[in-house]
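J.: Shown below is the structure under consideration.
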Amino acid sequence: MNIYNQKIELYFELKGTPHSTRESYFRRIQAFFVYLEKQNTPIQELKEEDIQQYILFLKKEKGLSPGTINNYISSIRFFYTFVLEKDWNARKVPRMKRLKTFPVVPSREEIQTLLNSTDNLKHKAILALLYGSGLRVSEVAKLKIQDICSKTMRVRVEHAKHNTNRYTILSETALKVLREYFRSNFTKTYHPTDWLFPGQNSQDHIHVKTIKNTIIKLRNKLKLDSRISAHTLRHCFSTHLLEDGTDPVFIQQLLGHKSLVTTLSYLHMTSKSYIGVKSPLDSEGSRQR
């Protein structure tokens, strides 16, 4: 196993793969190894038929979604082609078809209720940045003190998805919460490179799962839609900006989307009444007939 892991790590180092991606690939490959061991299948003798059976196992036994299974397929394909140096037949191991579903987008009032539902300043500041700046959960977790600039009202996001860097806006409301949180949690001996939201061990940043679980608890406490998650706040940021008439190109830059098409998908989730679209049934001509 160590030989395989070293080869995988070497590839990631040469490519400069983000830590989060490495972690995901390692986790899925290790889960696949556990399955093979239970099936008494030596890794050196791995065949595409074994992979097919594993995908069926993930689908029928584990009940995973097509999107999640596709992530496993990507990880296994990487291991099969790069580490074992075997040819991959996509016809034998096809990616699963995903049904397009739109994420839930709560109203602005519900978002405010969620933000105001906690007295924990750390949690409140995190929620304010998720919604007010459109950050991903992993991006909020890895923020450092120096990434918040009150002079320019910007948040610097480094080493984000696809290993990109960008700036996004800083909400005035979020800044007020951040200042209150900062005064109560940091001493005069802090360093600008310290984590803005440290974990239980101050040397590490807060764990992504901690943020996700916090929002789930608040959501359940308020009896809000069970589909609301930490990532929902990012969806709301972009959708509400579109409703306010913000140019999609600007939103794309703030979110860090590689393609404008991704940003434009949020148009389907906007309330059409906010962007001036009126049904032909409500037009003057229709009412007169």
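J.: On the given criteria, is THR118 assigned to a loop (DSSP other than H, G, I, E, B), β-branched (Val, Ile, Thr) and more than 21 Å from the chain's Cα centre (by Cα)?
T.: yes
J.: Residues that are part of a loop (DSSP other than H, G, I, E, B) and of a type in the set (Lys, Arg): does the range 38-45 have at least one?
T.: No, that holds for no residue.
J.: Right, here's the next one. Name the pairs: first residue in the range 180-202 and surrounded by 15 or more Cβ atoms within 10 Å (Cβ to Cβ), second residue assigned to a loop (DSSP other than H, G, I, E, B) and of a type in the set (Asp, Glu), Cβ to Cβ under 8 Å, at least 6 apart or on different chains?
T.: Here the result reads TRP195/ASP204; PRO198/ASP204, each pair linking the range 180-202 to a residue that is assigned to a loop (DSSP other than H, G, I, E, B) and of a type in the set (Asp, Glu).
J.: Among the numbered conditions (1) closer than 13 Å to LEU129 by Cα; (2) of a type in the set (S, T, N, Q); (3) not in a helix (DSSP H, G or I), tell me where THR173 comes up short.
T.: (3)
J.: When THR189 is evaluated against the numbered criteria (1) over 25 Å from ARG22 (Cβ atoms); (2) out of contact with any helix residue (DSSP H, G or I) (no Cβ under 9 Å at 6 or more places or on another chain); (3) modelled with pLDDT of 90 or more; (4) not basic (Lys, Arg), which criterion, by number, is the only one it fails?
T.: If we test THR189 against (1) over 25 Å from ARG22 (Cβ atoms); (2) out of contact with any helix residue (DSSP H, G or I) (no Cβ under 9 Å at 6 or more places or on another chain); (3) modelled with pLDDT of 90 or more; (4) not basic (Lys, Arg), just (3) comes out false.
J.: Still on this structure, I have one more. Out of everything in the range 133-179 that is loosely packed, with under 13 Cβ neighbours inside 10 Å and among the charged types (D, E, K, R), what residue ends up being farthest from ALA230 (Cα to Cα)?
T.: Filtering the range 133-179 for residues that are loosely packed, with under 13 Cβ neighbours inside 10 Å and among the charged types (D, E, K, R), the one farthest from ALA230 (Cα to Cα) comes out as LYS151.
J.: Please go through the range 101-125 and pick out each residue that is within 13 Å of TYR181 (Cβ to Cβ) and acidic (Asp, Glu).
T.: Within the range 101-125, ASP119 is the sole residue that qualifies.
J.: Please name all residue pairs, on different chains or six or more residues apart, with Cβ atoms under 7 Å, provided the first residue is in the range 79-97 and is surrounded by fewer than 12 Cβ atoms within 10 Å (Cβ to Cβ) and the second residue is at pLDDT 95 or above.
T.: LYS92/GLN52
J.: Please identify the pairs in which a residue from the range 227-249 that is closer than 16 Å to LEU135 by Cα has its Cβ atom under 6 Å from the Cβ atom of a residue that is part of a loop (DSSP other than H, G, I, E, B) and of a type in the set (Val, Ile, Thr), counting only partners at least 6 apart or on another chain.
T.: Within 6 Å, the pairs are HIS235/VAL105; CYS236/VAL105; THR239/VAL105; THR239/THR270.
J.: Next up: Restricting to the range 185-232, name every residue that is within 19 Å of ARG136 (Cα to Cα) and either assigned to a loop (DSSP other than H, G, I, E, B) or touching a His at 6+ places or on another chain (Cβ under 6 Å) (or both).
T.: Residues satisfying the conditions are TRP195, LEU196, PHE197, GLY199, ASP204, ILE206, HIS207, THR214, ARG227, ILE228, SER229.
J.: Given (1) outside any loop (DSSP other than H, G, I, E, B); (2) among the small types (Gly, Ala, Ser); (3) farther than 29 Å from HIS207 by Cα, where does ALA90 come up short, assuming only one miss?
T.: The number of the failed condition is (1).
J.: Inside the range 140-156, can you point out the residues that are touching a residue at least 12 places away in the same chain (Cβ under 8 Å), closer than 17 Å to ASP194 by Cβ and either among the aliphatic types (A, V, I, L, M) or not in a loop (DSSP other than H, G, I, E, B) (or both)?
T.: Across the range 140-156, the qualifying residues are VAL140, ALA141, LEU143, LYS144, ILE145, GLN146, ASP147, ILE148, CYS149, VAL155.
J.: Kindly indicate whether SER74 is in contact with a strand residue (DSSP E or B) (Cβ under 9 Å, 6 or more places away or on another chain) and hydroxyl-bearing (Ser, Thr, Tyr).
T.: no
J.: Filter the range 1-37 down to the residues that are in a loop (DSSP other than H, G, I, E, B) and surrounded by fewer than 15 Cβ atoms within 10 Å (Cβ to Cβ) and list them by number.
T.: Within the range 1-37, MET1, GLY16 qualify.
J.: Pick from the range 38-68 the residues that are hydrophobic (A, V, I, L, M, F, W, C) and in contact (Cβ under 8 Å) with a residue 24 or more places away in the chain: which of them is surrounded by the fewest Cβ atoms within 10 Å (Cβ to Cβ)?
T.: Once the filter is applied, the top-ranked residue is ILE43.
J.: May I ask you to list the residues in the range 100-128 that are in contact with a Lys or Arg (Cβ under 8 Å, 6 or more places away or on another chain) and touching a residue at least 40 places away in the same chain (Cβ under 8 Å)?
T.: PRO103, VAL104, LEU114, SER117, THR118
The values are calculated or read from the model by the stated rules, or taken from the named source; none is laboratory data. Treat the numbers as computed from the prediction; the structure is a model and nothing was measured. All Cβ positions, even for glycine, are placed from backbone atoms using ideal geometry, and neighbour counts span all protein chains on display.
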